[in-house]
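Trainee: Please find one structure pasted underneath; my questions will follow.
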Amino acid sequence: MSPDKEWIAFACGQTIISQPVRDRFERKVVENDNTHQYTGLAFHSSGGLLAVTNNDRTVRMIDAATWQSRHAYAWDIGRMRSIAFAPDGTVAAAGSDTGKVVLWDVEV
């Protein structure tokens with residue numbers, strides 16, 4: 001759920017669906033540009049970014065206004081499974097299927 005509680009987002013295979021809480025008919029859909037599945041997601045505390053993890057070993061930052069990919073990060077720690085932001089939004093953490101976690105500074 002977005003920080004302002006206006007949007008909810010979920011991953012379903014190779015698709016991310018985000019929709020307003022009050023209007024179930026307005027949807028934003030982001031299709032994966034490869035054959036791998038999305039595995040986790042989290043909104044940044046600003047509400048301006050949606051971070052998604054992927055079976056292709058990447059984390060993508062999606063602009064929540066345009067629903068376009070802004071950045072992609074790849075680390076050699078395994079398939080990415082989870083993502084979270086610090087409450088102040090300055091740091092992100094992503095976990096892999098190997099049990100490893102990567103932390104990085106977030107630029108909004």
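The values are calculated or read from the model by the stated rules, or taken from the named source; none is laboratory data. Fair warning: this is a prediction, and the values are worked out from it, not measured in the lab. All Cβ positions, even for glycine, are placed from backbone atoms using ideal geometry, and neighbour counts span all protein chains on display. Accessible surface is based on the protein model in full, side chains and every heavy atom, while ligands, DNA and RNA are left aside. Shrake-Rupley method; radii C 1.70, N 1.55, O 1.52, S 1.80 Å.
Trainee: Scan around W7 for amide H atoms under 5 Å from its own, H built in the peptide plane at 1.01 Å from N, and keep only partners 5 or more places away or cross-chain.
Mentor: S2, V21
Trainee: Next up: Sorted by average packing, counted as other Cβ atoms within 10 angstrom per residue and highest first, what order do 80-89, 95-104 take?
Mentor: Most protected by this proxy first, the peptides run 80-89, 95-104.
Trainee: Would you please classify the overall shape of region 61-108 from the alpha carbon gyration tensor, given that a ≥ b ≥ c denote the square roots of the eigenvalues, rounded means a/c under 1.5, and beyond that prolate means a/b larger than b/c while oblate covers the rest?
Mentor: Details: a/c = 2.29, a/b = 1.46, b/c = 1.57.
In terms of gyration-tensor shape, oblate.
Trainee: Measure off 7 Å from each Cα along the Cα-to-Cβ vector at Q37 and Q19, then give the distance between these two points in nanometres to one decimal.
Mentor: 2.1 nm
Trainee: What distance in nm separates the two pseudo spin-label positions at V101 and K5, each 7 Å out from Cα along the beta-carbon direction?
Mentor: Once both label points are built, they end up 2.8 nm from each other.
Trainee: Looking at region 9-73, which chymotrypsin sites (Phe, Trp or Tyr not before Pro) are DSSP coil and have at most 13 other C-beta atoms within 10 Å of their C-beta? It would help to have the intermediate numbers written out before the result.
Mentor: Values: sites: F10, F25, Y38, F43, W67, Y73; in loops: F25, W67.
When the chymotrypsin sites (Phe, Trp or Tyr not before Pro) of region 9-73 are filtered for loop state and at most 13 Cβ neighbours within 10 Å, F25, W67 remain.
Trainee: Among the GluC sites (Glu not before Pro) within region 1-92, which fall in a DSSP loop and have no more than 15 other Cβ atoms within 10 Å of their own Cβ? Intermediate results must be reported in sequence, preceding the final value.
Mentor: Numbers: sites: E6, E26, E31; in loops: E6, E26.
Answer in residue order: E6, E26.
Trainee: What whole-number value in Å² describes the accessible area per residue of region 40-79 for a 1.4 Å probe?
Mentor: 43 Å²
Trainee: Are there trypsin sites (Lys or Arg not before Pro) in region 1-51 that DSSP marks as loop and that have at most 10 other Cβ atoms within 10 Å, and which are they? Each step should come with its number before you reach the end.
Mentor: Values: sites: K5, R22, R24, R27, K28; in loops: K5, R22, R24, R27.
Passing both the DSSP loop test and the Cβ count: K5, R22, R24, R27.
Trainee: Would you kindly calculate the translational diffusion coefficient of the chain, applying Stokes-Einstein with the Kirkwood radius from alpha carbon pairs, for 37 °C and a viscosity of 0.692 mPa s, and quote it in µm² s⁻¹ without decimals?
Mentor: In µm²/s, the coefficient rounds to 237.
Trainee: Which percent of the accessible heavy-atom area of the chain goes to carbon and sulfur, probe 1.4 angstrom?
Mentor: Of the solvent-accessible surface of the chain, carbon and sulfur hold 49 percent.
Trainee: Same structure again: Going by amide H atoms built from the backbone, whose H comes under 5 Å of the H on A64, apart from near neighbours?
Mentor: L49, L50
Trainee: Taking amide H positions as placed in the peptide plane 1.01 Å from N, state which residues far from V106 in sequence (5 or more) or on other chains have amide H under 5 Å from it.
Mentor: The answer is V91, A92.
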